[in-house]
1. Looking at segment 35-122, what helices (runs of 4 or more DSSP H) fall wholly within it and have at least 3 residues that are touching a residue at least 24 places away in the same chain (Cβ under 8 Å) and within 17 Å of Thr5 (Cα to Cα)?
2. Of the residues that make up segment 2-19, is at least one touching a residue at least 12 places away in the same chain (Cβ under 8 Å), under 16 Å from Leu111 (Cβ atoms), of a type in the set (Asp, Glu) and assigned to a helix (DSSP H, G or I)?
3. Out of Arg66, Arg80, Arg61, report the one residue that is farther than 16 Å from Glu115 by Cα, out of contact with any helix residue (DSSP H, G or I) (no Cβ under 6 Å at 6 or more places or on another chain) and of a type outside the set (S, T, N, Q).
4. Quick check on Ala8: is it at pLDDT 85 or above and open to solvent by less than 40 Å² (accessible area, probe 1.4 Å)?
5. Quick test of your reading of the structure: Ala79 fulfils all but one of (1) touching a Phe, Trp or Tyr at 6+ places or on another chain (Cβ under 9 Å); (2) exposed (fewer than 13 other Cβ atoms within 10 Å of the Cβ); (3) among the small types (Gly, Ala, Ser). Name the failing condition by number.
6. Taking Thr91 as meeting all but one of (1) modelled with pLDDT under 85; (2) of a type in the set (Ser, Thr, Tyr); (3) open to solvent by 70 Å² or more (accessible area, probe 1.4 Å), write down the number of the exception.
7. Being open to solvent by 70 Å² or more (accessible area, probe 1.4 Å), within 24 Å of the chain's Cα centre (by Cα), more than 25 Å from Thr126 (Cβ to Cβ) and among the polar types (S, T, N, Q) is true for just one of Ser105, Ser109, Ser20. Which residue is that?
Amino acid sequence: MTDDTARADVSAAQSLLRPSAGTMTSLGPGVRARAAALLLRRALERGLDDFWQGVAPGMTRVGKHRILCLGAYTDRETARRCYLTWSALSTACHYRAHDMPPAPSEIQSRLPAVEVLLEALERGPTVPSAATLPPSRPQEAGRSAAATPAPPPAPGRQPSRTVPKPGPPPGRRAAPPVVGGP
């Protein structure tokens, strides 16, 4: 399901982080690390788009909510790792005048996580979708829900009891109210 462009982004980020020997680069390590973070985040977002295209096509347009809703369709660990990786890559992508750029080793440590997440997203939903409840009977027009009698309890079961109002325990009086102040 994941298109080749996401894999191409991962390999481009890898080549930025680990330039081949003898290659002269005009970019410093911080700039290469930030560019690699952008490529890895874009690859993760493309993997998310492909995942949601197969589940609910409307989710490809909702941004960060795609990640927040992921836990309902995959296992929690995958959703958690996806959120943490995306957040770390987003933080590394932003340029701040007084902060140091991300270290290449920091972004290098995110590269295997993105590859694993792309594979997990490629497998598709792992949690069966929630079972839909049968539609309830429509209420008759003249009767309200409060006027509808409660169904009798099942044989062998005790009827439900009402919950008592909060207050002091039996045998104790309530404390008198505090009047006035200092």
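The values are calculated or read from the model by the stated rules, or taken from the named source; none is laboratory data. Here the structure is a predicted model, which is why all the values come from computation and not from measurement. Here Cβ is always computed from backbone atoms with ideal geometry, including for glycine, and neighbour counts include all displayed protein chains. Side chains included, ligands, DNA and RNA excluded: accessible areas come from the protein's heavy atoms. Shrake-Rupley method; radii C 1.70, N 1.55, O 1.52, S 1.80 Å.
1. Numbers: elements: 65-68, 76-93, 104-122.
By residue number, 104-122.
2. The answer is yes; a qualifying residue exists.
3. Numbers: Arg66 fails: out of contact with any helix residue (DSSP H, G or I) (no Cβ under 6 Å at 6 or more places or on another chain); Arg80 fails: farther than 16 Å from Glu115 by Cα.
That would be Arg61, the only listed residue that is farther than 16 Å from Glu115 by Cα, out of contact with any helix residue (DSSP H, G or I) (no Cβ under 6 Å at 6 or more places or on another chain) and of a type outside the set (S, T, N, Q).
4. Working: at pLDDT 85 or above: yes; open to solvent by less than 40 Å² (accessible area, probe 1.4 Å): no.
The answer is no for Ala8.
5. (2)
6. (1)
7. On the way: Ser105 fails: within 24 Å of the chain's Cα centre (by Cα); Ser20 fails: within 24 Å of the chain's Cα centre (by Cα).
Being open to solvent by 70 Å² or more (accessible area, probe 1.4 Å), within 24 Å of the chain's Cα centre (by Cα), more than 25 Å from Thr126 (Cβ to Cβ) and among the polar types (S, T, N, Q) holds for just one of Ser105, Ser109, Ser20, which is Ser109.
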